[in-house]
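The values are calculated or read from the model by the stated rules, or taken from the named source; none is laboratory data. Owing to the predicted nature of the structure, the values given are computational and were not obtained by experimental measurement. With ideal geometry, Cβ positions are generated from the backbone for all residues, glycine too; neighbour counts draw on all protein chains shown. Just the protein is used for accessible areas: all its heavy atoms, side chains included, with ligands, DNA and RNA removed. Shrake-Rupley method; radii C 1.70, N 1.55, O 1.52, S 1.80 Å.
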Number of protein chains: 2
Amino acid sequence: MMQAYREAQKAFEEDEVPVGCVIVKDGKIIARAHNRKEKKNCALFHAEIECIRNAARKLDNWNLKGCEIYVTLEPCMMCTGALINSRIDRIIYGCEDPKGGALVSNIRLQDIRLLNHYPEIQGGIMEKECSDLLKNFFKNKR
Amino acid sequence: MMQAYREAQKAFEEDEVPVGCVIVKDGKIIARAHNRKEKKNCALFHAEIECIRNAARKLDNWNLKGCEIYVTLEPCMMCTGALINSRIDRIIYGCEDPKGGALVSNIRLQDIRLLNHYPEIQGGIMEKECSDLLKNFFKNKR
C-alpha cells in the first residue's frame, strides 16, 4: 500500500484528486497508476482503470486472475466493475469513500447476487494516511 | 439505435461479442464504438468505454452533459459507472442483460441512493434485433 500511496502523492503533486494504486502478481508489482482525470480530460482516467490497462498489457491477458490491487481509496462503481470484469483476485483499499465507493459504501458488492466473479475485499490499510492526503487536497481547493 | 446496431455488427464480424453504441449531442453522432475486448486483450474495451473516450476527446471535456448514449445491450457495472462519472444525460439501450446489466437487471440503478448523478434510462429500443444478434453470435460459438 505504500507504493499505492506514492502514486497518490504523484496525483496530489499534479493537482489531481490523490488516488493511487498498484497491481501485484506473485508478490511483484506489475502495474502502477494514479488518477489523471483532469490531465486527460476524461472521466475514465481513474487510477484503477489505467492500472488495469497496464497490467493487461504486461501480462498480454485481459484476465487478471492471480493478481491483487492495492488502491488508496475504495473504488467507485466504474472501477469496481472494471476489476470484476478483469477477474482480479483481491481488492485491498486504504480508506472508504462514503460518497462514491462501490465495495462497502454506496454499493455493497456482497448484496449483488448475480455477478460472475467476486473479488476478496480488504479495507482500512494505511487508512489514516490515505484519508489525510485526500483531506489535505480538498482543503487546499476550498 | 440503428447506428449503434451497425457498430454491433462490426463487432460480430470481428468475432467480438456484438455490442455497439453511439453518443449523440444536439441530434448529431459525436462518437461511435463497438466491443473490442478480445482484440485489445483487455476487459476495459467494452463499446461504451471507447465511445466515452472518443466523445470526451471530441468535446475536449470529460463532462458529457447534454449527451445521450444509444447502446445495443444494457450496460454492465463498469460501463454504467463510467457513464455516471461522465455525467451523461440519458442511456438508451436495446435489450436487457440479465447476467451483467447494471441499470435494471443485476443492479437496479434507482435503488442506489447516493449517486451524484442519475442518467435517464430507456430500454427496449430495437430489442429483438439487438438480442438476436447476440444470440446468433453465441449460437455460432457453441
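Worth pointing out:
- Value at 222 nm in deg cm²/dmol, rounded to 500, when DSSP H runs of n ≥ 4 in chain B each add -39,500 (n - 2.57): -11000 deg cm²/dmol
- Among A:R32, A:R87, A:R57, residue whose mean-square fluctuation peaks in a GNM of chain A (springs only between Cα atoms under 10 Å): A:R57
- Principal axes of the range A:56-103: Cα extent on each, largest first, Å: 34, 17, 15
- Considering only B:V22, B:V71, B:V104, the mean-square fluctuation computed in a Gaussian network model of chain B, springs between alpha carbons under 10 angstrom, is largest for B:V104.
- Accessible surface calculations at 1.4 Å, restricted to protein heavy atoms, place the protein assembly as shown at 47 Å² per residue.
- By accessible area, using a 1.4 Å probe on protein heavy atoms only, the protein assembly as shown has 46% of its surface on carbon and sulfur.
- Solvent-accessible area lost in complex, 50 Å² minimum, residues of the range A:42-67 relative to chain alone, 1.4 Å: A:A43, A:L44, A:R53, A:W62
- Once you reduce the range B:89-124 and the range A:58-112 to the center of their Cα atoms, the two points are 20 Å from each other.
- Cβ-vector label at 7 Å, A:R113, separations to other copies in nm: 2.1
- Less than 5 angstrom separates the built amide H of A:I30 from those of A:I23, A:V24, A:K25, all sequence-distant by 5 or more or on a different chain.
- Across the identical copies, the 7 Å label point of B:R57, projected outward along Cα→Cβ, sits 1.5 nm from its counterparts, in ascending order.
- Pairs exceeding 19 Å between alpha-carbon atoms, taken from B:K25/B:K99; A:K39/B:K58; A:K40/B:K10: B:K25/B:K99; A:K40/B:K10.
- Sequentially through the range A:118-127, phi angles give Karplus couplings (6.51, -1.76, 1.60; θ = phi - 60°) of 10, x, 5, 10, 9, x, x, 8, 6, 4 Hz, Gly and Pro residues having no value and appearing as x.
- Comment: the Cα-to-Cβ extended label point of A:N136, at 7 Å, lies 5.8 nm from its counterparts in the other copies, nearest first.
- Of the residues in the range B:73-116, those shielded by at least 40 Å² of accessible area once partner protein chains are present, compared with the chain alone at a 1.4 Å probe, are B:M77, B:M78, B:N85, B:N106, B:I112, B:L114.
- When B and A come together, around 2700 square angstrom of accessible surface is lost from both chains combined, probe 1.4 Å.
- Volume of the convex hull of chain B (Cα atoms only), normalised per residue: 98 Å³.
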